[in-house]
1. So what's the back-of-envelope 222 nm ellipticity for the chain, counting only DSSP H runs of four-plus at -39500 (n - 2.57) apiece and dividing by all residues, rounded to 500?
2. Please report 500, 82 as a ranked list, fewest other C-beta atoms within 10 angstrom at the top and most at the bottom.
3. What is the calculated FRET efficiency for residue 355 to residue 541, with r their C-beta to C-beta distance and R₀ = 56 Å, to the nearest 0.05?
4. Out of region 400-487, which GluC sites (Glu not before Pro) are coil in DSSP terms and have no more than 16 other C-beta atoms within 10 Å?
5. Of the beta bridges DSSP finds with both residues in the chain, what % are antiparallel, to the nearest 5?
6. Quick check: the angle from helix 305-314's long axis to the longest principal axis of the chain, C-alpha only, nearest 10 degrees?
7. GluC sites (Glu not before Pro) within region 123-199: which are DSSP loop residues with at most 16 other Cβ atoms inside 10 Å?
8. Taking 0.36 nm per intervening residue step and subtracting the Cα-Cα distance, what contour gain separates residue 306 from residue 477 on full extension?
Amino acid sequence: MQQRTSLFCGNTDRKKKLYGRQENASSMQLFLHKRILECKGGTGMKGKVIFLAAAMGTLWSATAFGAQFPDVPTDHWAYNEVVKASEIGFISGMDDGTFGLGQTVTRGQFVSMMCRMFGWELVDAQSGSFADNQDVNQWYFKSIETAAQHGALNGGDLNFRPNDNITREEMAVMLVKGLGYDNLVETAAEAASPFTDVTSNKGYINLAYDFGIVSGKGDGQFVPNGTATREEAAAMMLRCYNKMNNDTDFVHGFYAFSSYGQKDLAKEMDAVSFGWSKMEYRDDGSIVVNTLYENNNEWAVPEGYEQIVEELQNSGVQTNLNVFLSDATAAQNILNNAENRTAAVNAIMEEVTVTYKKLGRNPYEGVTIDFEGLRGSTLKQNFVAFLKELDTALTEEGKSLYVAVHPATKDGSYYDGYDYKAIGEIADKVIMMAYDYEAKSISADVQQSGFTTTPVSPFDQVYYGLHAITDENTGVTDSSKVVLGMSPSSNVEWDLQNGVIVNSQGIDNDYDTLQTYLQSGTKSEYSEKYRNPYMTVQDGDTTKVIWYEDSRSIQDKMDLAKMMGVNGVSFWRLGLIPDENTTAYSNIWSTVK
């Protein structure tokens, strides 16, 4: 995506204010840094933003943007962290020009740093939220009230104790709360702790560890009650800041079933997988990559395929052949037999090397394997064997391999035939399909209860899946390979009459229907717990409750993924990605850009 960057891009009325007790130079540093991040946008997509640092030399002098402290040796473990945190502006030196290396941090000091790091505008409260924070003239008063307003502090505490040294546990809790992830703490607490000495606030510390904000002190110890030095606080905040401000560096889309209408959007992506083939195990024992509209196959090469291939490749988009398989019996017959695995690999390789007549060459630069519904240890092992064989063949042809996988789910009843660690060692990209969570049907008891809380992508489930696929022991070792898959058009409707759900099967609305509802003033709410929107439509004596996706829910998932080290996104599918600049949060593609 081609973009132009200036220091004050877009609407200059949106310039962010600077907060906290800082020198003017430090304020300018933080302001400039934030403006660059805003201007960069989605720099990870095809058209990279090129920042001309030389042109900014007059603004970023060595004095203003390269703070050095005489008490921080260049060979100290935290040297780079201290310098960077000072450059950004959320931590500053002492009055004597030193950093204060080795000095402990108080709770008031940490909250002040945190407000600057998050970019929160300081509130002008008339009274404090804590018994010991009532003096409006104290330097920490506004920072504490600001953090409290943003939910970063425990509101039930009588005193804040601003002059007490902050503990490592308290720092982790405040940062996770400040990030807005209280709703994930319960789920995170269910996982085993990486530390042997954590007995309280386990969910917060697990999340902070997942996010890469905190680390141990050795021998499996977190030392939750230990105090933190200024350099430790700087390092922790910098890790949080970097995760928050990471760019989306890879965007992928599936192109299938009436996707041509969004071909221009596809040109802005890094890679597109054409849903033009289905793997079949035929009655005669043959294995076929079906690209034709025969045998009730909708995964076929469309008429005029050469036009979209040419346009995407001329735009620098990588084009893959998506090979779809969802038949459980076919999967077992193919994957659990060595000869059949080889036959399947050969069938795929033939399709991605044969010359397509209208194009005069083969259209595919790689393969995306989309084998869905795999369960059990046998299929898990044999799927890896198949991928290894396929990857070897693709590598010889200079082609890449992407693999789509189901996410792990909290209830354990998920498709467990995917060895994330092994797949990550083989594939170039691993797409975690974080969708299809919603109930497709409900029982008679649920109908009678009138229970309609069925979010299409519950936030805790998405976190659980990301946690599993990035697990340091069983997940994909290189998180840069992991891609968060989302389905912007997902929705499910339940109809109620007299408090009873009348449809046992969920209704899937098309995009135009949803937009008609939203533009007609339909009441819409956003669940902070599930991070999904839902609308309530009154149609005569029927109340329609519809859960769906919008730009807020997509952004929330992208932000969470970045905190987990996942900076790539994928969409099912082109043709169904909303991008309307309305008050209904329908500008999903603009969120990605």
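Read-outs: derived from the displayed coordinates by stated rules, not from any lab. Model, not experiment: these values are computed from the prediction. Note that we place each Cβ from the backbone using ideal geometry, even for glycine, and neighbour counts take in every protein chain shown.
1. Values: 19 runs with 196 residues, N = 593.
One gets -10000 deg cm²/dmol as the mean residue ellipticity at 222 nm.
2. Working: 500 11, 82 25.
Starting with the residue having the fewest Cβ neighbours, the order is 500, 82.
3. Numbers: r = 61 Å, r/R0 = 1.09.
Result of the calculation: an efficiency of 0.35.
4. Numbers: sites: 425, 438, 472; in loops: 438, 472.
The qualifying sites are 472.
5. Values: 29 of 65 bridges.
The answer is about 45 percent antiparallel.
6. Between the helix axis and the principal axis of the chain, the angle is about 30 degrees.
7. Numbers: sites: 145, 169, 170, 186, 190; in loops: 190.
Counting only loop positions with at most 16 other Cβ atoms within 10 Å, the GluC sites (Glu not before Pro) in region 123-199 are 190.
8. Working: separation 171, 0.36 × 171 = 61.56 nm, distance 3.72 nm.
Between residue 306 and residue 477, full extension yields 57.8 nm more.
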